[in-house]
Every structure is written in structure tokens, then in C-alpha cells.
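Contents: one structure, followed by commentary.
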Amino acid sequence: GHVAQAVLPLAKAMGYYVVAIDARDISGYEEVLRPADELHILESFDKIGQIDFVPGSAFIVCSFSHKTDGDILNTILGKEPSYVGMLGGKPKIRALFMKLKENGYSEELLKQIHAPIGLDIGGEKPAEIAVSIMAEVQAAKYGGSCRHMRDILCDSIFPL
């Protein structure tokens, strides 16, 4: 989708090793996917378990359907991720989480999924959403507080 297309080059520019996974015909999208370090085109997303992931990988789930997102989450939660984020609104997330809970996932584990994904920085365009997503991934990676730098540093600067 458009958000994934915007996330891919940004993640790459930030120095991440990017693995793009799709289960659709990518004809016409090859150029968009070119920055990926690896590209996996699967018959279906339930085959994602066949891919070897490095423990501690960060996963950004933004596929084209609720069922697909559920299949992906069901697989990657067992891959020892350091971060899992998923695009979606409240009804979608609630429905998926209830299904995952029925499949035996604990509420504690489900609370570790960043859904909806991203920080509240404003904007609606795919590139703006991509920035909010990658800011959250970066904060999770480095233990960032997501506070404004002015609030962190100005305590020691003001009063002058």
C-alpha cells in the first residue's frame, strides 16, 4: 500500500536492513520495492513463517486486509521480535486482538504490539504517516522518550 511504499525508502535511509514481503502480483511496483535489501513474494501471507528472521527484528504490518494482518501477526509473534507495529483503526485492531487472544496469545503480549502504529505528530499523507511510524520504531530501538528535545534540554538552559 501507499504507507508501506513510503516507509520502505525512509527505513532504508535510516540504515535499517529492510525486508519487504508481499503476496500479490508486484507488476508495476518493482521500482518502489527496489530499495529493499530482500524481497519475498509469497503465495499467501500464511507462508511468512518460511522466512528466516533475525531474532530482535522490527516488524511493520501494513497489508491490504484484516485477515492478512492477522495471519502475519499470528506468525511473527513467535519470531522473537523487538518491535511489532500495525497500521489500522480501533475496530480492526480490537477484532484482530480478540482473535489472537482466542488463539492463545496473552493480553500482556498483545499490549506490546504498537497498534495503531506511529507517533501522534499530525499529518495524513503516506509520507507523513511513514515519518510517524519510523519515529516510533527509532524510539523503541533506542529507548527514546518521545518527548520534545526542548523539554528535555531546556530544564538545564532556562532560566538564563
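The values are calculated or read from the model by the stated rules, or taken from the named source; none is laboratory data. Since this is a predicted model, take the numbers as computed values, not measurements. Positions of Cβ are generated from backbone atoms using ideal geometry, with glycine treated the same way; all protein chains shown enter the neighbour counts. Just so you know, the surface numbers come from the protein's heavy atoms only, side chains and all, with ligands and any DNA or RNA stripped out. Shrake-Rupley method; radii C 1.70, N 1.55, O 1.52, S 1.80 Å.
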Total charge of the residues flanking residue 23 in space, meaning their Cβ is under 10 Å from its Cβ, with Lys and Arg +1 and Asp and Glu -1, is -3
Accessible area per residue in Å² at 1.4 Å probe, computed on the chain: 63
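About its Cα centre, how strong a charge dipole does the chain have in debye, to the nearest 20, once Lys and Arg get +1 and Asp and Glu get -1 at the Cβ? Could the numbers behind the result be given before it?
Details: 16 positive and 21 negative charges, 75 e Å.
Roughly 360 debye for the chain.
Using a 1.4 angstrom probe with every protein chain in place, what is the largest-first accessible-area order of 131, 61? The partial results should precede the final answer.
Numbers: 131 70, 61 5 Å².
My answer, sorted largest first, is 131, 61.
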Degrees separating the helix 66-76 axis from the principal Cα axis of the chain, which is the longest one: 80
Only one of the listed values, [x] 17.0, 63; [y] 17.0, 54; [z] 14.6, 50, was derived from the coordinates as Rg and Dmax of the Cα atoms in Å; which label is it? [x]
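Would you tally the net charge around residue 131, using a Cβ to Cβ cut-off of less than 15 Å, leaving residue 131 out, and scoring K and R as +1, D and E as -1?
On the way: positive: 12, 125; negative: 120, 124, 128, 136.
Overall, the nearby charge balance is -2.
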Rounded percent of accessible protein surface that carbon and sulfur make up, the range 1-108, 1.4 Å probe: 53
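Where in the range 100-143 are there trypsin sites (Lys or Arg not before Pro) that are in a DSSP coil and have at most 13 other Cβ atoms within 10 angstrom of their Cβ? Spell out each step's value before the answer.
Details: sites: 101, 111, 141; in loops: 111.
Listed in order of number, the matching sites are 111.
In deg cm²/dmol and to the nearest 500, what is the mean residue ellipticity at 222 nm of the chain if only DSSP H runs of at least 4 residues count, each as -39500 (n - 2.57), divided by the residue total?
On the way: 7 runs with 70 residues, N = 160.
That calculation yields -13000 deg cm²/dmol at 222 nm.
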Within straight cross-link reach of residue 47, meaning Cα distance under 29 Å, which lysines are found once same-chain residues fewer than 8 apart are removed? 12, 67, 79, 90, 92, 99, 101, 111, 141
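Can you give the local net charge around residue 75? Use residues other than it whose beta-carbon is closer than 10 angstrom to its beta-carbon, Lys and Arg +1, Asp and Glu -1. Intermediate results must be reported in sequence, preceding the final value.
Numbers: positive: 47, 79; negative: 46, 71.
Overall, the nearby charge balance is 0.
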